[in-house]
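To start, the structure itself, in structure tokens.
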Amino acid sequence: MPGRGWELIRRVQAEPLVFDGGYGTMLFAAGLVDGACPELWNDTRPDIVRGIHRAYFEAGSDFVETNTFGGTRLKLDAYKLGDRTRELNEKGVRLAREVCPPGGYVAGSIGPTSHIVEPYGDVTEAELFENFREQAEALAEGGVDLFAVETMMYPEEALAAIRACKAVTDLPVMTTMFFQYEELHDRDRTMWGESPPEVAQKLLAGGADVVGMNCGRGPDRAIVIIREMRAVTPVALIAYPNAGLPITRGGRVTYELGPEEMVRDYPGLLDAGANIVGACCGSTPEHIRRIAEVVRARRGR
Amino acid sequence: MSDNDFPYPLMARALILGDRETVGRMTREGLDQGLDPKAIIFKGLIPGMDVVGEKFRRNEYYVPQVLLSARAMYAGLDLLKPLITASATSGYLGTVVIGTAQGDLHDIGKNLVAMMLEGAGFKVFNLGRDVAPETFVQAVREHHATIVGISALMTTTMPAMKRTIDALAAAGFRDRVRVMVGGAPVTQAFADEIGADGYAKDSTLAVVKAKELAGAAAPARP
Ligand code: B1M
């Protein structure tokens, strides 16, 4: 039964929830090649995409996201698939819905367009909005419970996505941004220079219902970012960092942290104020299984 | 006014502040006074861009500031470029095809390198970002390039640089072109590992390296 996002938002006030892990990692392992469109697999390899969702639910995810991260027309155009925007998003939702257990939820993933807004870049805010509106509408029609606007690099783009989601439905919107760690200053900032508290305040003012961080570095930085956000807001916070930094060896990319190492920081992440935790690039269902153990232990308290 | 009196530092400062009107105006003034276009690039624009790069590394500048400065640089470069190619008596230093590795959408640094190479007297074909290995091969064939420049900004797209070099070899171009790689995560060691001919840490060094490689490359066919 779709459209239950507000129930999730109520639940998260009472207990921490588990989101899912990486998709890129899993799709590449299943044979997606560089230069191919991941969202096309919602049509051509539904078994694989569905299998990833199922694996995350079985590992303990309370909700998963759709395989639609690059599902804006601007992104799909790069593969000459812009005309299939609606179809690929709707199909993506269906695959997650098909394996969603009772009590589970599906979040519609909306990632950045990789274009920069004027005057610095080549798209207008109206174009961004229109791209996100089209995607959000398809995701809503497919039957998501809420939206995961994620990995946003700069606030204008995130805000355009939030506005678009709210323009097409009244479902809740989670919004997370990408922070980079500045070694020189031992601090985390977006690529546009905002601090975690500034981000939280901007996104909430823009209408987001849950805010936080994803991607970036590992859970060690997530702890700091969430703590700083928690200092300025009582709303639900989410963190799904990468399994550490990527390592390139002999033409292959792996990530620093295995499930064992990664999960060590999760009690700290919950203590810092995260209400929803998951993982991003480089993580697998095994990472999520370990993270879910930590979260379940907390719920029992 | 002679070259020594021209207020290059003011021009660099305008560029650092992203003031493209001033950069454009001063470029025109310099040209009116008979300055060498290359001197304007190397004494005005590039020192300014070097400071921008340094501020970015120190996290004093973020992406918007870098982009505004790059635009200011273009304001000067667009006026200067046609003059450089026209004044080149000995022809181009070489023909470069340059692009960002497949899967990588970062092109700010690559565009700076492309601009500087043009400024230095290379003929440059900028293939854009997310460039497939086959597209590089096709461009080398079409433009009789002597140098291939590949940029990557993510550890996850560095393997695509190797695939591009492999594709050039498979197409039989490996002896004819020199491959230069660069981008923040790329190192000399990585360049050696994948069999590139050169690596440059920043755009200034990229010009130095390209000149070196041009000397070593087989002459471009007409
Ligand atoms: C051929 O020979 C040569 C020789 C020298 C060469 C050369 C070639 N190419 C470059 N050089 C050298 O000369 C230049 C001038 O001196 C230098 O070029 P640089 O490019 O190094 O320097 C430029 C002048 C300025 N630097 C830059 O322009 C890069 C800046 C940062 C902030 C950055 C930006 C701007 C962007 N990003 Co992205 N981005 C980051 C960067 C973080 C950082 N602080 O560096 C980085 C590169 N990004 C990252 C990521 C992860 C991502 N980004 C993404 C998107 C973007 C934007 C679109 C928002 C934007 C790019 C806009 C554009 N049109 O280029 C996404 C990927 C999109 C994709 N598929 O490529 C996304 C995946 C985020 C997301 N979740 O969507 C990280 C990569 C991590 C990794 N795996 O290695 C990242 C390091 C941030 C971080 N701290 O984690 C030298 O390296």
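The table that follows gives values for the structure above.
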quantity	calculated
Boolean, residue B:142 is in a helix (DSSP H, G or I), crowded, with 18+ Cβ neighbours inside 10 Å and acidic (Asp, Glu)	no
Given (1) out of contact with any strand residue (DSSP E or B) (no Cβ under 8 Å at 6 or more places or on another chain); (2) under 29 Å from residue B:40 (Cα atoms); (3) surrounded by fewer than 19 Cβ atoms within 10 Å (Cβ to Cβ), number of the condition residue B:119 does not satisfy	(3)
Members of the stretch A:120-158 that are outside any loop (DSSP other than H, G, I, E, B), modelled with pLDDT under 95 and in contact with a Phe, Trp or Tyr (Cβ under 7 Å, 6 or more places away or on another chain)	A:155
Filtered residue count, the stretch A:236-262, keeping only those that are modelled with pLDDT under 90 and over 19 Å from the mean Cα position of the chain (by Cα)	8
Subset tally (residues that are closer than 30 Å to residue A:138 by Cα and more than 13 Å from the ligand (Cβ to nearest atom)) for the stretch A:165-196	11
The stretch B:72-95: number of residues that are outside any helix (DSSP H, G or I) and buried (at least 17 other Cβ atoms within 10 Å of the Cβ)	4
Test: residue in the stretch A:205-212 that is free of Cβ contacts under 8 Å to residues at least 60 places away in the same chain and assigned to a helix (DSSP H, G or I)	yes
Any hit, the stretch A:220-238, residues being crowded, with 19+ Cβ neighbours inside 10 Å and within 14 Å of chain B (Cβ to nearest Cβ)	no
Residue among B:189, B:170 that is away from chain A (no Cβ under 14 Å), surrounded by fewer than 17 Cβ atoms within 10 Å (Cβ to Cβ) and more than 17 Å from the chain's Cα centre (by Cα)	B:170
The stretch A:146-156: number of residues that are in contact with a helix residue (DSSP H, G or I) (Cβ under 6 Å, 6 or more places away or on another chain) and buried (at least 24 other Cβ atoms within 10 Å of the Cβ)	4
Conditions (1) in a loop (DSSP other than H, G, I, E, B); (2) within 14 Å of chain B (Cβ to nearest Cβ); (3) under 30 Å from residue A:51 (Cα atoms); number of the one not met by residue A:192	(3)
Matching residues, the stretch A:98-118, being of a type outside the set (Gly, Ala, Ser), closer than 19 Å to residue A:147 by Cβ, within 16 Å of the ligand (Cβ to nearest atom) and not in a strand (DSSP E or B)	A:112, A:113
Residue count, the stretch A:240-263 (criterion: outside any strand (DSSP E or B) and within 14 Å of another protein chain (Cβ to nearest Cβ))	7
Any hit, the stretch B:149-159, residues being near the ligand (Cβ under 10 Å from one of its atoms), more than 14 Å from every other protein chain (Cβ to nearest Cβ), hydroxyl-bearing (Ser, Thr, Tyr) and out of contact with any Leu (no Cβ under 6 Å at 6 or more places or on another chain)	yes
Where a residue in the stretch B:96-115 is within 14 Å of another protein chain (Cβ to nearest Cβ) and under 15 Å from residue B:205 (Cβ atoms) and its partner, wherever it lies, is in a loop (DSSP other than H, G, I, E, B) and within 6 Å of the ligand (Cβ to nearest atom), with Cβ under 9 Å and at least six apart	B:109/B:153; B:109/B:183; B:109/B:184; B:109/B:202
Any hit, the stretch A:163-180, residues being modelled with pLDDT under 95, in contact with a Leu (Cβ under 8 Å, 6 or more places away or on another chain) and part of a helix (DSSP H, G or I)	no
Filtered residues of the stretch B:169-204 (kept if within 12 Å of the ligand (Cβ to nearest atom) and part of a helix (DSSP H, G or I))	B:188, B:191, B:203, B:204
Criterion violated by residue A:201 - all others in (1) within 15 Å of the ligand (Cβ to nearest atom); (2) surrounded by fewer than 18 Cβ atoms within 10 Å (Cβ to Cβ) satisfied	(1)
Cross-chain or 6+ apart pairs with Cβ under 7 Å, the stretch B:185-199 first and modelled with pLDDT of 95 or more, then surrounded by fewer than 14 Cβ atoms within 10 Å (Cβ to Cβ)	B:199/B:188
Residues (outside any helix (DSSP H, G or I) and under 20 Å from residue B:183 (Cβ atoms)) located in the stretch B:45-71	B:58, B:59, B:61, B:62
Top-ranked residue of the stretch B:15-35 - restricted to ones that are more than 20 Å from the chain's Cα centre (by Cα) and part of a loop (DSSP other than H, G, I, E, B), ranked as nearest to residue A:192 (Cα to Cα)	B:17
All positions within the stretch A:13-29 that are surrounded by fewer than 19 Cβ atoms within 10 Å (Cβ to Cβ) and farther than 24 Å from residue A:135 by Cβ	A:13, A:14, A:15, A:29
Residue list for the stretch A:1-38, filter: in a helix (DSSP H, G or I), more than 14 Å from chain B (Cβ to nearest Cβ) and β-branched (Val, Ile, Thr)	A:9, A:12
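Condition check ((1) within 15 Å of residue A:42 (Cα to Cα); (2) over 20 Å from the mean Cα position of the chain (by Cα); (3) among the charged types (D, E, K, R)) across all residues:
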{"site": "A:65", "(1), (2), (3)": "yes, no, yes"}
{"site": "A:75", "(1), (2), (3)": "no, no, yes"}
{"site": "A:80", "(1), (2), (3)": "no, yes, yes"}
{"site": "A:87", "(1), (2), (3)": "yes, yes, yes"}
{"site": "A:109", "(1), (2), (3)": "yes, no, no"}
{"site": "A:114", "(1), (2), (3)": "no, no, no"}
{"site": "A:126", "(1), (2), (3)": "no, yes, no"}
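The values are calculated or read from the model by the stated rules, or taken from the named source; none is laboratory data. The model shown is predicted, which means the values in this text are computed figures rather than measured ones. Because the Cβ atoms are built from the backbone with ideal geometry, glycine has one as well, and the counts that use them run over all protein chains shown.
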